[in-house]
Amino acid sequence: MGCDDGRVEKLGPQAGFTAVACISWDNRLRLPLAGSLGLVRVDGVDATSVLAGLVLRLGAAGRPVLLDSLTIGGFNIVSPPGVERLTGSPVLAVYNYRPSLERLESGLRSSRLPLAGVRARVLSLVEEAAEASTPHGPVYLVAWGLEASEARRLVLETQVYGRKPEPVRIAHYTASEASEALRRV
């Protein structure tokens, strides 16, 4: 299963919401099975509960959840331990670049968002990012509830066109289109 947010046009307290999509994926057939949409507040604190709700709505509790970052909708942070606690699902963030805790914390400080300390504690997980080589190039994995070998295997099974796992890529396009449709309403 892959989850991602749509385009975020504006950050800060007046930003509103953006769409988030979760797409369940069949590794054997290499195709999407179902999807679900939700809304998260940009720079809010609801990403973990919204993603967990989408996972449960898709009947995918216990199945790994792939992300392309621990941030959704600006600095709305996904807590891997929280998702696992709510759904029983391990979480794997697959970065195309080595994530920088220093840059994330700097952005978080300058944003002056509430609960900055809690957000920073979750973001500190990126310090554990492990490089993994794939046929499409290197990726950096932040895994919660998965062994390193299992995380790499999952990435290899879900890569189709590039380094980003296909269910995450499809979730991004789905959420982006939904976000665009919301802006037109």
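Could you work out the pair-distance distribution P(r) of the chain from its alpha-carbon pairs, with 10 angstrom bin width and percents rounded to whole numbers?
In whole percents, the pair-distance histogram is 10, 40, 38, 11, 0.
Averaging sequence separations of C-alpha pairs under 8 Å and six or more residues apart, then dividing by the length of segment 2-184, give the relative contact order as a whole percent.
27
Let me have the 222 nm mean residue ellipticity of the chain computed from DSSP H runs of 4+ only, each contributing -39500 (n - 2.57), with the sum over all residues rounded to the nearest 500.
Computed mean residue ellipticity for the chain: -11000 deg cm²/dmol.
Take the Cβ-Cβ distance between E180 and R109 as r, set R0 to 41 Å, and report the resulting FRET efficiency rounded to the nearest 0.05.
0.85
Cα atoms only, segment 1-80: Rg and Dmax in Å?
12.6, 43
Compute the distance from the alpha-carbon center of segment 1-57 to that of segment 107-122, in whole Å.
Cα centres, segment 1-57 to segment 107-122: 21 Å.
May I ask you to work out the translational diffusion coefficient for segment 56-103 at 37 °C, viscosity 0.692 mPa s, via Stokes-Einstein with Rh from the Kirkwood sum over Cα pairs, reported in whole µm²/s?
Estimated diffusion coefficient is 281 µm²/s.
What residue among L115, L154, L70 has the largest mean-square fluctuation in a Gaussian network model of the chain, using Cα springs under 10 Å?
Checking each option, the largest mean-square fluctuation is seen for L115.
Taking the simple approach of a point 7 Å from Cα along Cα-to-Cβ for both S100 and R28, what is their distance in nm?
The answer from the label model is 4.4 nm.
Coordinate-derived values only; no laboratory data. Quantities reported herein were computed from a predicted structural model and do not represent experimental measurements. Using ideal geometry, Cβ is built from the backbone for each residue, glycine included, and neighbour counts are taken over all protein chains shown.
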